[in-house]
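Worksheet: the structure to be examined is printed underneath.
Nothing in this text is a laboratory measurement; each read-out follows from the coordinates by a stated rule. These numbers were taken from a predicted model, which means no experiment stands behind them. Ideal geometry is used to build each Cβ from the backbone, glycine not excepted, and the neighbour counts take in all protein chains shown.
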Amino acid sequence: MTCLRLILGDQLNARHAWLRERRDDVVYVLMEVRSETDYVRHHAQKVLGIFAAMRRFAEALVQAGHRVEYVRIGDPRNRHGFATNLPWLIGQFGATRLERMEADEWRVEQALTEAFAASGLPHAVVSAEHFLLERDEAAKRFATKVPRMEFFYRELRRRHAILLEADGEPRGGRWNFDVENRAKWPGDPPAPPWPWQKHDLRQLWDEITAAGVQTMGEPSAGAFGWPLSRREAKAWLADFVAHRLAQFGRFQDALSEHSSTLFHAGLSFALNTKMLHPREVIEAAVTAFERGEADLAATEGFVRQILGWREYVRGIYWARMPGYATLNTLDAGRTLPAWFWTADTRMACLRAAIGQSLQLGYAHHIERLMVTGNFALLAGCDPDEVDRWYLGIYVDAFEWVELPNTRGMSQFADGGIVGSKPYSGSAAYSHRQSDHCEGCHYRHTLRHGERACPFNSLYWHFHARHRGLLDRNPRLGMTYRNWDRMEPGERTATLAQAESYLARVDEL
Ligand code: FAD
Ligand code: DLZ
């Protein structure tokens, strides 16, 4: 009697109940497969990071006395799919039972459900024991009506007793300190460097390229930075709490030429591959607050991202898939500009956000939302293309979290399920939150003319062309009043400028 238990590349949870006992009748199976490297073009560091973390995880299982079968990308037996590898694995071990954890991605969940059924063997699916809300509960709760994130977040704060007074009310008398979290970063205090590792992954990179996997971005295989084990991930968490949490809230929405990481945590890769549990990340932040090492606004702001946004977007994903992946409320269809793959643009904010994404496989939230995402939204880019870009380029990108953030929050293609209005901004936003405009080729103060910042005319063009859908939105009343108050000649020149930029968008 042998049971095969599958562990996927984003299920590296060393504290899973499965692993508490060592069993001779269980073989843990991990596979490096082309179905996963090729469903979208990934950043080189994402493939390297996932494979290297999987290999370390498998080694740790072997050292703990578990039986493990690890299928490498170059293994001649490899049929390059979870489902296509199963028959020979079943044969090799004479398996009589199959088990797996719930997959986080709809596509993989469907494929594995079918493959397990087709095997004819008894099988079981267990929780990955990672999220704070089980998948089925999240999916059921959001099936008919999606609550606003704020109410969902308050409920989870209550349920998990996080940052509450003894009477169940929020610490500090407020649930949300967002208004205190919007400062521009003046360069002081200095942004502490992240605790990048220096892994030598050149041999693994050779295996990946020899197998023909196509990637984008810098591999940085000689000195690979992201954490690859639970021990390293915990060190990143400790480093964040000690050096950046206190300023996290204040500069959460800031953008800068001088720091691509600012006071952000850099924990999404470790969280999404499940090397870290969200509860321990939240507890580390709350403990720092209790010790007086971070104030309430910073701590609450950070907790809201993990307990609130992260669980919320997962609920939407599981409630609304597969239809969610095809929504296109604004009927957007433009091809993404070529410089999304090269960073070769004169717009300083986009050059910085895309450049660092190619270099690190990382950009922080406001760069994703208000720089690259904002441009794609205003220019009317095809949400399928936008999704593919985001799903590929970030080391933390897995569809359950990428899709609601991109198609929903950033592109408003879901018509307002994630956000009550489009996250759009003109150059005024960028100028208020960043230092990019100072050295930019374009002028943030101009709406039209040779050097007018494209975000200005595109902002008005976007609102004018979607007026039929958006002007009933109470949160956009002021925007449309400002547009209507503009001189007719100014409006015409602004729209003409936008048309001219859109006609040569690759040259911006
Ligand atoms: P911090 O800013 O330090 O935040 C701490 C943690 O909070 C993050 O590690 C993350 O786990 C969580 N978090 C923060 N915001 C969100 C959010 N909106 N949704 C879910 N979790 C959140 N996040 C991903 O993990 N994977 C993605 O593929 C992804 N794609 C995105 C695409 C777009 C268009 C946008 C606007 C956001 C996306 N996000 C995604 C959310 C967010 O940008 C990243 O989680 C964050 O930048 C990761 O960096 P960090 O760990 O330094 O985060
Ligand atoms: C993203 C990814 C990549 C690039 N490669 C693999 C792989 O070879 N083997 C594997 O088990 N997982 C990989 N992953 C992560 C999966 O795509 C992920 O498990 C699904 O997207 C489910 O969330």
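Observations, loosely collected:
- Taken along the Cα-to-beta-carbon direction at a fixed 7 Å, the label points for GLU290 and GLU438 span 4.2 nm.
- Stretch gain in nm, segment ALA464-GLN214, where the contour uses 0.36 nm per residue and the Cα spacing is subtracted: 86.0 nm
- Backbone N within region 103-127 under 12 Å of label point (7 Å from MET1 Cα along the Cβ vector): none
- Degrees between helix 488-503 axis and first principal axis of the chain (Cα, 0 to 90, nearest 10): 40 degrees
- Taking only the Cα atoms of region 218-272, the ratio Rg/Rh comes out at 1.00, with Rh defined as the Kirkwood radius.
- Candidates ILE354, ALA191, PRO422 compared by Cα position along the dipole of the chain: farthest toward the positive end lies PRO422, with charges placed on Cβ.
- On Cα atoms only, tilt of 311-320 relative to the major axis of the chain in degrees: 80 degrees
- Sparse-neighbour loop sites [trypsin sites (Lys or Arg not before Pro); region 263-341; at most 11 other C-beta within 10 Å; DSSP]: ARG291
- Considering only ALA211, ALA118, TRP175, and ranking their Cα positions along the charge dipole of region 84-227 that arises from unit charges at the beta-carbon of Lys, Arg, Asp and Glu, the one farthest toward the positive end is TRP175.
- Label-to-label distance, nm, for residues given as LEU495 and GLN203 (7 Å Cα→Cβ offset): 6.4 nm
- Percent of beta bridges antiparallel (DSSP, the chain, rounded to nearest 5): 10 percent
- Shown is the FRET efficiency for ASP38 and ARG504, computed with R0 = 22 Å from the Cβ-Cβ distance and rounded to the nearest 0.05: 0.10.
- Farthest toward the positive end of the dipole of the chain, out of TRP236, SER127, VAL62, is the Cα of SER127, where the dipole comes from beta carbon charges about the Cα centre.
- For ALA246, net neighbour charge (Lys/Arg +1, Asp/Glu -1) across residues whose Cβ lies under 12 Å away: +1
- Loop-located trypsin sites (Lys or Arg not before Pro) across region 62-100 with a Cβ neighbour count of 11 or fewer within 10 Å are ARG77, with loop assigned by DSSP.
- When each of the peptides 410-416, 10-16 is scored by the mean number of other C-beta atoms lying within 10 Å of its residues, the order from highest to lowest reads 410-416, 10-16.
- Once the Cα-Cα distance is subtracted from the 0.36 nm per residue extended length, the ARG451 to ARG334 segment shows a gain of 39.8 nm.
- Rounded FRET efficiency, nearest 0.05, which uses the C-beta distance separating GLU134 from GLU487 and R0 of 41 Å: 0.15
- Linear extension gain, VAL125 paired with THR144, 0.36 nm per residue minus alpha-carbon span: 4.3 nm
- Restricting region 420-499 to trypsin sites (Lys or Arg not before Pro) in coil, as DSSP defines it, with at most 15 other Cβ within 10 Å: ARG451, ARG472
- Taking every C-alpha pair closer than 8 Å and separated by at least 6 residues, the mean separation divided by the residue count of region 7-122 gives a relative contact order of 30 percent.
- Taking Cα centre as origin and charging only the Cβ of basic (Lys, Arg, +1) and acidic (Asp, Glu, -1) residues, the dipole magnitude of the chain rounds to 520 debye.
- With contributions of -39500 (n - 2.57) from each DSSP H run of at least four residues, the per-residue ellipticity at 222 nm computed over the chain stands at -12500 deg cm²/dmol.
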